[in-house]
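The structure under discussion appears below in the form of structure tokens.
The values are calculated or read from the model by the stated rules, or taken from the named source; none is laboratory data. Just so it is clear, the model here is predicted, and its values are computed rather than measured. All Cβ positions, glycine included, derive from the backbone under ideal geometry; neighbour counts span all protein chains shown. Ligands, DNA and RNA are stripped out before the accessible areas are found, and what is left, the full protein with its side chains, is counted by its heavy atoms. Shrake-Rupley method; radii C 1.70, N 1.55, O 1.52, S 1.80 Å.
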Amino acid sequence: MWLRSLRLLLLLFSGLQADVQEKEVRAMVGSNVNLTCIYPEKNSFDLSDLFVYWQISVPGQQETVVAYYLSGNSSTGHHDDHYRHRARLSLEGMKQGDFSLLLSNVTPQDAQKFKCLVFRKSLGPMEILQVVITLNVAANYSMPVVSIPSAPSQDKELTFTCTSTNGYPRPNVYWINKTDNSLLDEALQNNTVSLNERGLYDVVSILKIQWSPNVNVGCCIENVLLHQNLTVSSQTEMLTGTKDSITEKPTETHEERNRALFSVLAILALAVAVAVATGWMCRSRCPGRSGTDRV
């Protein structure tokens, strides 16, 4: 009954419409986004004179109320459970003409067309503001992983597999001949794109081509909304490390360093002892002249 009354109220108010402002906003999955709906003139509003609605408009379907404020209420409300605790209106903001909706923890299901409707009860009621915001939702795909065939099949056909996960919206997948950077025929690839439990897309693309020497292909995952292309070359995946082939000087152990230090000290001690003995023998064999010697 309450829902029917709310829809009837919206239908009644829709007779007098303000100019519609239209915007597009992009948000990343898991982030917070502010859907702005601000009265163009710097006015102060009495909350008891306002009706504010945020709803989702889907062609051919009834509107879904996301959040609302009704004159006389001390707080905002929600109708759709999907937006409970996620969509918030600011009472202080509305007093200053800011009817924006703060939407937290954005999900792929939030990629909708949101409509902000503001009415003043004292004017009829009359609609004084209408803003339509298209929310585009995006998520970065993981870096593609290309699996390399260990050996060609008997008919000398090579099969490459490219996988990428957790992206949004649905991707475009291309295979590239890295020799001349030309696109390979799409008929050579078979793509499987599926939604995972998070509502994000996973993609697996299989490419089958005839064997040729020094083959090098690249897999490209394109996210159109983010203007992003992630490309991995099969030759890059086939590169092997060269560390094992490099001869490095072994690192000296602590014990080996101590032995070397003791050897140096022993040699120095021996040198000092020899010098002292030599000086003593020289003094005993070559006595100095006394003051009584005469010419």
Kindly provide the set of residues from the range 202-228 that are part of a strand (DSSP E or B), at pLDDT below 95 and either of a type in the set (S, T, N, Q) or within 22 Å of the chain's Cα centre (by Cα) (or both), ordered by number. Gln210, Gln228
Candidates Val217, Val224, filtered to the one that is open to solvent by 30 Å² or more (accessible area, probe 1.4 Å) and out of contact with any Cys (no Cβ under 7 Å at 6 or more places or on another chain): Val224
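Considering every residue within the range 107-119, establish whether at least one is touching a residue at least 60 places away in the same chain (Cβ under 8 Å) and open to solvent by 40 Å² or more (accessible area, probe 1.4 Å).
Within the range 107-119, one or more residues are touching a residue at least 60 places away in the same chain (Cβ under 8 Å) and open to solvent by 40 Å² or more (accessible area, probe 1.4 Å).
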Exactly one condition in (1) part of a strand (DSSP E or B); (2) surrounded by 15 or more Cβ atoms within 10 Å (Cβ to Cβ) is not met by Thr159; state its number. (2)
Search the range 151-165 for residues that are within 13 Å of Val217 (Cβ to Cβ) and among the polar types (S, T, N, Q) and pair each with any residue that is at pLDDT below 95 and open to solvent by 50 Å² or more (accessible area, probe 1.4 Å) when their beta-carbon atoms are under 6 Å apart and the residues are at least 6 apart or on different chains. Thr159/Lys208; Thr161/Ser147
